[in-house]
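Novice: First the structure, which I've put down as structure tokens, then a few questions once you've had a look.
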Amino acid sequence: PSSGNRSFHPTSFILLGIPGLEKSQFWIAFPFCAMYILALIGNITILHAVRIDHTLHEPMYIFLAMLAFTDLVLSSSTLPKMLGIFWFGSCEIEYHACLTQVFFIHAFSSVESGVLMAMALDRYVAICFPLRHSTILSTSVVAKLGVAVMVRGVLWVSPFCFMVTRKPFCTNRIIPQSYCEHMAVLKLVCADTRANRRYGLFVAFSVVGFDIIIIATSYIMILQAVLHLPSGDARIKAFGTCASHICVILAFHIPALFTFLAHRFGHQVPQVVHVLLANLYLLVPPMLNPIIYGVKNKQIRERVVRVFCQKVT
């Protein structure tokens, strides 16, 4: 039904890609595509290694497999459509496909944040309670943590889509981004969206806020434990591991928070900067995580080399 300049919802939206860089989009797509291919290869390799090697069925590697799966979903929910916009001018996205993208992006961003929190807890238990690690983080506890993180993502984010579908949309169908994101879709609604915005803030702070507090507390306690280690080599090794994990956490959370805050309060932020960062936040962590966690991890590295050697011979 429609009335005046309102329609209950349009059949599709128009995604502009990167407003301001329309002439460069064709070339920007090449590094984006390369990053996506690296993310696919790296994360599929980690999933395969953890699946076939029973020595890797430990909490750290199970969480790493969860992270790899989440990264595959996050990057694959946006990149194919993004490349279609950049290379073929395929800017139209069907209404339900757009809401599906909103769901997958926000639900799996929440899952990724939760998995990074679980990995920080795992490192804390491994360093501070090494003898009790396997009893504290038993297989059932790891499974429950994984399920809790997944359920939280789905339950917290599903209302985004239900709340939006109940609102009438204006005739403007243009989303000045490369993918459908909750706030970008909400800006096209011809009705009061304060409840939606408040709920968005609640989700952001209850998910990311909670996870960051747990991550920060875990690493502060880890660093305290590391500083009391008698061996200098052990301290350096532990610091190296923590530093790489903290880099992954920052690479994910800083652009995510910037994107979230820029939508609400960053009216001075140039749109091209906002859109580029919003794109990179769904591309850079999925590409970096397998390198930082996989290549730097001796067991994963050796397992991957063994698998490839077996296939070659």
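Read the figures in this text as sums done on the coordinates, not as results from a lab. Because the structure is predicted, anything quoted here is derived from the model rather than measured. All Cβ positions, even for glycine, are placed from backbone atoms using ideal geometry, and neighbour counts span all protein chains on display.
Novice: Simple spin-label model, 7 Å along Cα-to-Cβ: Ile213 to Val141 in nm?
Specialist: Placing both labels 7 Å along Cα→Cβ, they lie 2.1 nm apart.
Novice: Compute the distance in nm between two label points, each set 7 Å from the Cα along the Cα-to-Cβ direction, one at Gln271 and one at Ser231.
Specialist: Output for this residue pair reads 5.7 nm.
Novice: Turning to a different aspect of this structure: Please list 3J(HN,Hα) in residue order for region 185-192, calculated via the Karplus relation 6.51 cos²θ - 1.76 cosθ + 1.60 where θ = phi - 60°; whole Hz, with x for glycine and proline.
Specialist: For region 185-192, the Karplus-derived couplings read 5, 4, 5, 8, 7, 9, 6, 5 Hz, x marking Gly and Pro.
Novice: Give a residue-ordered list of calculated ³J(HN,Hα) values for region 280-286 (Karplus: 6.51 cos²θ - 1.76 cosθ + 1.60, θ = phi - 60°; whole Hz; x for Gly, Pro).
Specialist: 5, 5, 9, 10, 5, x, x
Novice: Could you pull out every one of the aspartates and glutamates with an alpha carbon less than 17 Å from that of Lys81, ignoring same-chain neighbours closer than 8 positions?
Specialist: Reachable aspartates and glutamates: Glu22, Asp71, Glu92, Glu94, Glu181.
Novice: Which one, Met117, His106, Leu83, projects farthest toward the positive side of the charge dipole computed for region 12-310 from Cβ point charges (K/R +1, D/E -1)?
Specialist: Met117
Novice: Now for a different question. For the chain, which cysteines have no disulfide-compatible partner, meaning no other cysteine Cβ under 4.7 Å?
Specialist: Lacking a cysteine Cβ partner under 4.7 Å: Cys33, Cys91, Cys128, Cys161, Cys242, Cys247, Cys309.
Novice: Further question: Using only helices, what value at 222 nm comes out for the chain when you add -39,500 (n - 2.57) per DSSP H run of length 4 or more and divide by the total residues, to the nearest 500 deg cm²/dmol?
Specialist: Numbers: 13 runs with 220 residues, N = 313.
One gets -23500 deg cm²/dmol as the mean residue ellipticity at 222 nm.
Novice: Grab the beta carbon distance between Ile246 and Phe30, set R0 = 25 Å, and tell me the FRET efficiency rounded to 0.05. Mind showing how you got there, number by number?
Specialist: Numbers: r = 31 Å, r/R0 = 1.22.
Computed FRET efficiency for Ile246 and Phe30: 0.25.
Novice: Straight-line reach only, C-alpha to C-alpha below 16 angstrom: list the aspartates and glutamates that Lys298 could link to, leaving out same-chain residues fewer than 8 apart.
Specialist: Asp53, Glu58
Novice: Shifting gears a bit: So how far apart, in nm, are the two label points at Ser90 and Thr165 if each is 7 Å from Cα heading toward Cβ?
Specialist: 2.5
Novice: Read phi for every residue in region 50-58 and hand back ³J(HN,Hα) as whole Hz from Karplus 6.51 cos²θ - 1.76 cosθ + 1.60, θ = phi - 60°, with x for Gly and Pro.
Specialist: Each residue of region 50-58 in turn: 5, 5, 8, 9, 5, 6, 9, 7, 10 Hz.
Novice: Could you list which residues have their amide H under 5 Å from that of Ser12, counting only those 5 or more apart in sequence or on another chain, with H placed in the peptide plane?
Specialist: Tyr95
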